[in-house]
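The next block holds one structure in the form of structure tokens; read it before the comments.
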Amino acid sequence: VIEPTRDAALARDRSDPIADLREEFVIDDPALIYLDGNSLGRLPRRTEEAIRRLVRTEWGGDLISGWEHWVELPFLAGNLLAREFLGARAGEVVLADSTSVNLYRLAAAALEARSDRGTILALADEFPTDRYVLEGLAAARGMMVRFLDSDPTEGIGIDRLRAALHDEGGTGGIALVVLSHVNYRSGALEPMTEMTAAIHDVGALALWDCSHSIGSVPVELEMAGVDLAVGCTYKYMNGGPGAPAFLYVRSALQRALRQPVWGWFGQRDQFAMGPRYDPVEGIGRFLVGTPPVAGIVAVRESATVLAEGAGIAALRAKGTALTELAIALSDEWLAPHGFTVGSPRDASRRGSHVSLRHPQAWQLSQALRAAKVVGDFRAPDSLRLGFASAYTRFVDVWHAFDRLRQVVERGDHLRYPAIPGRVT
Ligand SMILES: *Cc1c(COP(=O)(O)O)cnc(C)c1O
């Protein structure tokens, strides 16, 4: 338990074993407290340098011969994520496309492999793109998606999931279950191993979206027996805006699965320009077209910074302590002003962000930005604060809550429009 005082926060920073990692990031305005690294992580210094080198030396100088090594990048960066952040083996992860597109492609491959079954399970509270992608897949195949209710704070958990798995109600068995490891709004961390086992008990495949867990909590895809996974690299992984997503396919499944977009980067003997599609063995069959080289270089650099400067265990330990402090400060200062904590209080069930629920959350998020604390708003009533342990200090948490307390006490937020803007 952390005492919610500024001195205690400063003392925690002094004894923080990964405090120096912050120096590896570009921080132009030291007065700005950035609590949105779960949406777009900060720029690592070495990324700036690596991108300059890629553009100037490799593209500018090497021209087309750069492809001799650029073609390996999706695999090399994938192996790095697999080893350091995903608990997966070499050859099980690649970088490609966006999370939405990878989810579509892997879910489609899974449905193909379970074509005798008619139902997809997902949460009603799931991140929107995941829900839309699954709806689209189901509509095109005459299948249905059952959207399960979950607790807005605690997530679904093993018992509710198990009940849903055994209460078919669908049109002939569950083909696929898609779940987020850490919920984007509440930060609820689901028990991946137990839930995957329960999914396998009914013969379905398990696809996990790790967008909010990669780089913030340990992900153990192999140990958990996960079939398929996808996730973003621009959140806690700091890969930059639009950085390519990762996709994971358990090696034992790779041969049996065929993704729906048949592109030349998945083709055996690609440059033979053969007459028909014949996908390679291995994870390469899940590639489609020309890889986004600059984006992959950025992910490689940022993953290296995190792996060398801390490692996922240290990032997780600090993330737990930062969110503990945030919850303690919320209880002490904000609860009297009508805030409730919309994230699990059990640290083992929580990722690295905390949602504070308040009827005026949108206005509060704007007033807080004016006070130089950047978090974000998530409908309907969450002020979401992300505590990326790579560059967030304990004293930043203290100041962020101090500023938020002052905002509500003065009523600054009441001067802002109550209707959310286009990007929140
Ligand atoms: C952030 C996030 C996405 C984003 O998908 P993009 O295709 O990168 O826009 C998808 N799913 C979840 C669960 C997310 O948190």
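Were the residues from Asp346 through Phe147 laid out at 0.36 nm apart, the gain over their Cα-Cα distance would be 69.1 nm.
Working ranking of peptides 279-292, 232-245 by packing, defined as the average number of other Cβ atoms within 10 Å per residue, highest first, is 232-245, 279-292. Per residue, the range 264-383 exposes 37 Å² of solvent-accessible protein surface, assessed with a 1.4 angstrom probe and all protein chains in place. In the context of the full set of protein chains, residues of the range 4-160 present 49 Å² of accessible surface per residue (probe radius 1.4 Å, heavy atoms only). Across the range 338-349, coupling constants 3J(HN,Hα) worked out from phi with the 6.51/-1.76/1.60 Karplus curve, θ = phi - 60°, read x, 8, 10, 7, x, 10, x, 7, 7, 4, 6, 10 Hz, and Gly and Pro carry x.
Name the helices (complete DSSP H segments) of the chain with a Cα length along the long axis of 18 Å or more and a Kyte-Doolittle mean of at least 1.0, or state none. Walk me through the numbers on the way to the answer.
Details: long enough: 99-113 (21 Å, 0.69); 128-141 (20 Å, -0.20); 293-309 (24 Å, 1.09); 312-329 (25 Å, 1.18); 394-410 (24 Å, -0.21).
Within the chain the helices that satisfy the rule are 293-309, 312-329.
In this structure, the amide hydrogen of Val145, modeled 1.01 Å from its nitrogen in the peptide plane, lies closer than 5 angstrom to those of Ile120, counting only residues at least 5 positions away or on a different chain. Working from Cα pairs under 8 Å separated by at least six residues, relative contact order for the chain is 22 percent.
Using a probe radius of 1.4 angstrom, the carbon and sulfur fraction of the accessible surface of the range 59-105 is 61%.
For trypsin sites (Lys or Arg not before Pro), the sites in the range 303-363 that DSSP calls loop and that have at most 15 other Cβ atoms within 10 Å are Arg345. Take the Cβ atoms of Asp402 and Ala313, set R0 to 22 Å, and the FRET efficiency comes out at 0.15.
Write out the GluC sites (Glu not before Pro) in the range 158-255 meeting two conditions: DSSP loop, and at most 15 other Cβ atoms within 10 Å of their Cβ. Present the calculation step by step, with values, prior to reporting the outcome.
Working: sites: Glu168, Glu194, Glu220, Glu222; in loops: Glu168, Glu220.
Filter output for the range 158-255: Glu168, Glu220.
If a/c stays under 1.5 just call it rounded; otherwise compare a/b with b/c (prolate if a/b is bigger, oblate if not). Do that for the chain, with a ≥ b ≥ c from the square roots of the Cα gyration tensor eigenvalues.
Working: a/c = 1.99, a/b = 1.30, b/c = 1.53.
Oblate.
For the chain, adding -39500 (n - 2.57) for each run of n ≥ 4 DSSP H residues and dividing by the number of residues yields -10500 deg cm²/dmol at 222 nm.
The values are calculated or read from the model by the stated rules, or taken from the named source; none is laboratory data. What you see is a predicted model, and the numbers here were worked out from it, not measured in a lab. Positions of Cβ are generated from backbone atoms using ideal geometry, with glycine treated the same way; all protein chains shown enter the neighbour counts. For accessibility, only protein heavy atoms count, side chains too; no ligands or nucleic acids. Shrake-Rupley method; radii C 1.70, N 1.55, O 1.52, S 1.80 Å.
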